Amino acid sequence: MKKANLVWALLLAGLTSVSVHAVQQRDYHKAVIGKDCKVCHDQGLKQYPSDGACLKCHDVDELAKKTARSGEERWQNPHDNLHYGKDLPCVECHGEHQPKKPLCSNCHTFKYDKHKE
Ligand code: HEC
Ligand code: HEC
Ligand code: HEC
Ligand code: HEC
């Protein structure tokens with residue numbers, strides 16, 4: 001690569017990483033939230049959103065009901081599970097700008113077919 005091209009490549013990489021418009025958003029949030037980053041980023045853009053931000057619109061108890069499981073699978077409910085109950089931060093399992101696997105997948109093979117990675 002010529003020196004001038006290299007400079008351009010570096011410059012462009014720098015630009016995209018700071019551009020507010022470069023981040024991907026989930027389709028299900030685009031309509032309700034749009035470009036207002038602060039709706040989720042209650043602790044600034046350099047920090048992940050707190051659960052408080054998500055809970056302005058979502059409800060832990062309702063979520064636990066929606067993903068409830070019965071019998072032997074009872075405690076595999078991601079929103080009310082064996083190790084953490086209802087207290088695990090949302091961002092451990094849900095990404096907004098990039099794909100994210102549920103934390104549980106690090107150690108288990110439970111099926112979460114409705115999870116939108
Ligand atoms: C629906 C909630 C939501 C909205 C709206 C949102 N974000 Fe995020 N953002 C997240 C979550 C969750 C993470 C952490 C995981 C990830 O990257 O997906 C994050 C992470 C980030 C990070 C990375 C921080 C780090 O230290 O790695 C940046 C930068 C960022 N968001 C920028 C933005 C910008 C710019 C906007 C507005 C255009 C925006 N976000 C809107 C939820 C949101
Ligand atoms: C301004 C309101 C608002 C905020 C803030 C918000 N959401 Fe949402 N979210 C919605 C709406 C509305 C939907 C679409 C309807 C639904 O599925 O509940 C949605 C959908 C979702 C879905 C997909 C549901 C599906 O269809 O599988 C996930 C996962 C989700 N939100 C997680 C989060 C997380 C994590 C945060 C915090 C980082 C967050 N949301 C912040 C309003 C919001
Ligand atoms: C760091 C690894 C790790 C993570 C992450 C993890 N677990 Fe576990 N989990 C274990 C271990 C170790 C056991 C004990 C195994 C045993 O004795 O059966 C266990 C046992 C369980 C059990 C009872 C046994 C079974 O297989 O049904 C359930 C249910 C469970 N975990 C759910 C979850 C859920 C849901 C998540 C995500 C919120 C999660 N775990 C995250 C390591 C982990
Ligand atoms: C342990 C991982 C984990 C945590 C923590 C977690 N979720 Fe989820 N969430 C999931 C999985 C997995 C699914 C899909 C469930 C399935 O496939 O049965 C899901 C589904 C959802 C849905 C769609 C529910 C539906 O069926 O309509 C929403 C909305 C959601 N999560 C929001 C949140 C919010 C907000 C938080 C924080 C309060 C949160 N989640 C915390 C793993 C998690």
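Here are a few things to note about the model shown:
- Near T67, once Lys and Arg are set to +1 and Asp and Glu to -1 for all other residues with Cβ below 14 Å from its Cβ, the sum equals +2.
- Backbone HN-Hα couplings from phi across the range 72-84 [Karplus 6.51/-1.76/1.60, Hz, Gly and Pro as x]: 5, 8, 2, 8, 8, 4, x, 9, 6, 10, 3, 7, 10
- For the pair K65 and Q98, label points projected 7 Å from Cα toward Cβ lie 3.6 nm apart.
- Charge tally in the Cβ shell below 12 Å around Y28, where Lys, Arg are +1 and Asp, Glu are -1, Y28 excluded: +1
- Local net charge near D42, Cβ-Cβ under 13 Å (Lys/Arg +1, Asp/Glu -1): +1
- Ignoring lysines fewer than eight residues from K65 along the same chain, the ones with Cα atoms less than 23 angstrom from its Cα are K56, K86, K100, K101, K111, K114, K116.
Every read-out reported here was derived from the displayed coordinates using simple, explicitly stated rules and does not represent laboratory data. Predicted model only: the values in this text are computed from it and were never measured. Reconstructed Cβ throughout: ideal geometry from the backbone, glycine too, with neighbour counts over all protein chains shown.
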